[in-house]
Amino acid sequence: MRPYRLLTFLVFSSFVFLYSPAQAETPPGMIYIPQGYFQMGTSSGKEDEKPVHFVFTPGYFIDKYEVSNQNYSAFMQATGHPAPKFWNDSRFNEPDQPVVGVNWHDAMAYAKWKGRRLPTEAEWEKAARGNDGRLWPWGRKFDKGINFFFLNIFGENDNYPFTAPVDYYHSGVSPFGLYNTAGNVWEWCLDWYDKDYYRVSPEINPEGPQGPLKMKVLRGGSWVNSIEGVKIVNRARNLPHIKNEIYGFRTALSSQ
């Protein structure tokens, strides 16, 4: 990080600590993420995760849980939106499991119906990571046996061979209190994907590269990934029309 940017970060962070405007009332099922800087990306990961950079986001709200089948059913009944792929698959259709088989457009339609939007990639990472540069929601290290209590991933000894309930794994919540930001389902974000975006992204409230590009960002990993595959910093991408059994989402809302 360049010295002048570090100084800006420290000064601005102090200002934010001293002055934070009153937040709007938090909507049910959401968590307020206060304005401020956080560390985004890594210095030693994949090329599209570099470089480490500090990002400022205004305050916003984000869902505590991934959108569940029960949530999505209410949306379909209210709007007539077609059922997602795998809706009748017994592996994935319990009311408290995250909805899967939705593409980016489906996720956006649901968010709009709720009066919300999808989180930006920066908002998602901040809510999942906190302000201390951790690599998983619980910290920087992974100890054998932690999976049973902390996350749902492939081949590990947890309670669910496929997706877990959206409110499960209480010990694996993020510093801000989000559930299942490592494993369970990849989550669609608002942004277009550009592997080099971190090298040119703005410091203040980045909203992704100017589109349209080919692919949209997904974050968080899923039940088919390994522990390395569900690091908070991992960036996935796919075409916005793709539906499969490892993609879900949560929604966000600006606070002002």
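Laboratory data are not the source of any read-out in this text; all were calculated from the coordinates shown. Everything numeric in this text was worked out from a predicted model, so none of it was measured. Heads up, the Cβs are rebuilt from the backbone with ideal geometry, glycines too, and the neighbour counts pull from every protein chain shown.
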Computed lengthening from residue 96 to residue 140, 0.36 nm per intervening residue step minus Cα-Cα distance
12.9 nm
Per the helix-only model, the chain has a calculated mean residue ellipticity at 222 nm (DSSP H runs of ≥4, -39500 (n - 2.57) each, divided over all residues, rounded to the nearest 500) of -5500 deg cm²/dmol
What percent of all Cα-Cα pairs in region 19-118 falls into each 10 Å bin, going from 0 up to the bin containing the maximum distance?
13, 32, 28, 23, 3, 0
Taking Cα pairs under 8 Å and at least six residues apart, what relative contact order does the chain come out at, in percent?
25
If we count other beta carbons within 10 Å of each Cβ, what is the order of 140, 219, fewest first?
140, 219
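Expected output is a single nm value to one decimal: the length gained when fully extending between residue 243 and residue 159, i.e. 0.36 nm times separation in residues minus the C-alpha distance. What is it? Show your work: numbers first, answer last.
Values: separation 84, 0.36 × 84 = 30.24 nm, distance 2.52 nm.
That pair, residue 243 and residue 159, stretches by 27.7 nm at full extension.
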Label-reachable residues, region 25-56, where backbone N falls under 18 Å from a point 7 Å from residue 132's Cα toward its Cβ:
34, 37-41
Give me the distance in nm between label points sitting 7 Å out from Cα along the Cα-to-Cβ direction at residue 195 and residue 254, one decimal.
3.2
Considering only region 111-256, what is the antiparallel percent among its DSSP beta bridges, to the nearest 5?
75
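Please give the FRET efficiency for residue 205 paired with residue 43, using the beta carbon to beta carbon distance and R0 = 25 Å, rounded to the nearest 0.05.
So, using R0 = 25 Å, E works out to roughly 0.65.
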Packing-based exposure ordering (other Cβ within 10 Å, fewest first) of 235, 129
235, 129
Could you give me the radius of gyration and the Dmax of the chain, taking only the C-alpha atoms into account and expressing both in angstrom?
17.5, 55
Inter-label distance for residue 79 and residue 171, nm, one decimal - labels placed 7 Å from Cα along Cα-to-Cβ:
3.8
Can you list the lysines whose alpha carbon is less than 18 Å from that of residue 243, not counting same-chain residues fewer than 8 positions off?
85, 214, 216
Quick note on 242, 204, 227, ordering by fewest other C-beta atoms within 10 Å, gives 204, 242, 227
Which lysines, on any chain, are close to residue 231 with Cα under 18 Å apart, when same-chain ones fewer than 8 places away are left out?
46, 50, 126, 141, 144, 195
